[in-house]
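Participant: Here you go, one structure.
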């Protein structure tokens, strides 16, 4: 709900001696248009955070990604050595075999390679899954790094290693002996690792360069940078990996913190040596060690492992499993504090917003169904994790700074048929759009409105998706005029919204097959259904859209729209659908501002006035408030004023002046202002004590709300300022004159304003809304005293 200072009088007296310009009247009436707010969607959810709910497409078709919630080291693949960026030219000669063989028995006589990992990998390739047991680190390292002397360096060797790392003038020969490098100069760039070009898709941060592929026979042919990488590996990284394995193999109690520290140290070391991404030749050894730690089943440690694996630019099955691992951790609310301490969110957002990820999506959109399925599984895991983290204040700014919202819109566009992905992203949008910065980022994303409308059209039967998309549209249209017009101008905007309205309007709530909401809470009334919530959010969008001066008149003349709103008022009760009827009344109040000749509101104003009685006589204060506002606009017409007096509605309006709510009193003053335009009505209002209650309202609310004080004075002027001053008793007139005199003094009137930031606003309201009418009333009373 907008602040009170944005709500001005929407009641325009037809006859009084205080003449105002047309611009002032239009400005005053337009400010009565109000943005409608609503609660977050209360949609079905389980007791735990789940990836696939009962409505999931993947759950229905039993096509969940493997190991969605059970991950072990064997589920990961150890990355192979990065490929060369340069292709070698084919050999010009044919190989000669050391023994003769015939063509027909060549296969029989040719020596077979020993059974080993190659055959195992071939067999596993046919099963489309590589199950690798975590091997010891020593089996993954080069032979020159596996001697006992290097695994357990003594003090002298440690000192030598330290000197070695600081000296750029030393290298190693093929036997591991130190030797000077001739002609080598000291340079920081000499320690940078020159990365090899990989054919796989990876993050843009993983820079690649082309270099000639080198053989493995003689290490003396390696470049200086490769020598530097070997030094860092043997003297820094290798001991860290060994200590990781050693601590992990020890007792299960207490090593988690130590393992996390070691992972952070390893991460920092790789970053300092420029060996993150795919730059490190021994990257597979690092990954294999990290994957083996997953079996320790520690959420804290697994987050550190996931962060480091993402920094190493894992892809394919490993990226999928890392996303599964992070989502598995995010399912437990007790782990939320771990995400606050770990910057894994940055890495996840980089994965989603990465340029290569976009290229991957575009490629998979044109690829086979199998590839689309794999990409879909990855996006489900990732968006589900982001969905769970979107509520945290610290993470919301990352959604904006990493441009993840436009990336999510791209994913929605590519995977608009995938209900699981669409539902996850709609939940993210419904959370983020409640905050101005995130809402602005979404509003500035090109084609976001047409994208949401397209999803509403495609998935109109999926209620949990529809309600969140409508809630997001309501948040977008609640902040400024530009989104209201952009949404309205989208192709098929009104047909889509009105089709949804008509469809959900006709659903029988008692036989609705939709799931009921979760256990009652202070935010979610137990009797509400998801279908009702769809209508609540949809009507809110209509109420917000019609505030725009170009959209409002069009909606006011839309017969289908007005008929649906009236139908809702007729079919629903306040006890069962309070929020829905309040939103409908707010939409009608906004639409009633536009008084075009072909306005459907104006054509049906008596029917609407009758339907509003149900809200006015209810026990809901919000419903009574909205009904009073509608009567304030409709009572500009004589036939509606007659209906109000004939049905004793004015008695209820006078009673509302006793309300302690300033908004309620303000709206009641407006209705009385219009009713007092007709002389026969003034006597009836005076008999109900309207004048005395208006004086009380002026005294109670005046210093804090000069708009309300001005509206009360306007009602009093219409009651007693046209020669009907006898309707006010002498003691009441004396009290009113004293109040007006005090309030007309600027120093006295504005001394109650405690907030210095609002002083200028209060002064403006006092000068424009209250003072002109108060001075008129004072002159009338002073002339009466002079005559007496």
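Values quoted throughout were computed directly from the atomic coordinates according to the rules given, and no laboratory measurement underlies them. Treat the numbers as computed from the prediction; the structure is a model and nothing was measured. Note that we place each Cβ from the backbone using ideal geometry, even for glycine, and neighbour counts take in every protein chain shown.
Participant: Can you tell me the order of 374-380, 478-484 when each peptide is scored by its average per-residue count of other Cβ atoms within 10 angstrom, highest first?
Facilitator: 374-380, 478-484
Participant: Now for a different question. Give me the distance in nm between label points sitting 7 Å out from Cα along the Cα-to-Cβ direction at residue 563 and residue 607, one decimal.
Facilitator: Roughly 0.9 nm, to one decimal.
Participant: Tell me, 761, 666 in order of fewest to most beta-carbon neighbours within 10 Å?
Facilitator: Ranking 761, 666 by Cβ neighbours within 10 Å, fewest first, gives 761, 666.
Participant: What area, in nm² and to one decimal, does the C-alpha convex hull of the range 645-752 cast on average over all directions?
Facilitator: Averaged projected area of the range 645-752's Cα convex hull equals 6.3 nm².
Participant: Can you sort 608, 588 from fewest to most other Cβ atoms within 10 Å of each residue's own Cβ?
Facilitator: 608, 588
Participant: Taking 10 °C and 1.306 mPa s as the conditions, I'd like the Stokes-Einstein D for the range 579-682 in µm²/s, using the Kirkwood hydrodynamic radius from alpha carbon pairs.
Facilitator: In µm²/s, the coefficient is 117.
Participant: Can you give the FRET efficiency to the nearest 0.05 for residue 575 and residue 447, using r as the Cβ-Cβ distance and R₀ = 35 Å?
Facilitator: The pair residue 575/residue 447 has a calculated efficiency of 0.25.
Participant: I want to check the label-to-label distance for residue 661 and residue 332. Put each point 7 Å from Cα in the C-beta direction and report it in nm to one decimal.
Facilitator: Output for this residue pair reads 4.5 nm.
Participant: Considering the Cα positions of the range 271-353, please state its Rg to one decimal place and its Dmax as a whole number of Å.
Facilitator: Cα only, the range 271-353: 12.6, 39 Å (Rg, Dmax).
Participant: May I ask you to give the average projected area over all directions of the convex hull of the Cα atoms of the range 624-682, in nm² rounded to one decimal?
Facilitator: Directional mean of the projected Cα hull area for the range 624-682 stands at 3.5 nm².
Participant: Related question: Arrange 631, 743 by Cβ neighbour counts within 10 Å, fewest through most, would you?
Facilitator: 743, 631
Participant: Further, regarding this structure: First measure r as the distance between the Cβ atoms of residue 403 and residue 768, then evaluate 1/(1 + (r/R0)^6) with R0 = 56 Å and state the FRET efficiency to the nearest 0.05.
Facilitator: 0.80
Participant: Here's a follow-up. For residue 458 paired with residue 343, estimate the spin-label separation in nm (one decimal), with each label point 7 Å from Cα along the Cα-to-Cβ line.
Facilitator: That separation, rounded to one decimal, is 3.6 nm.
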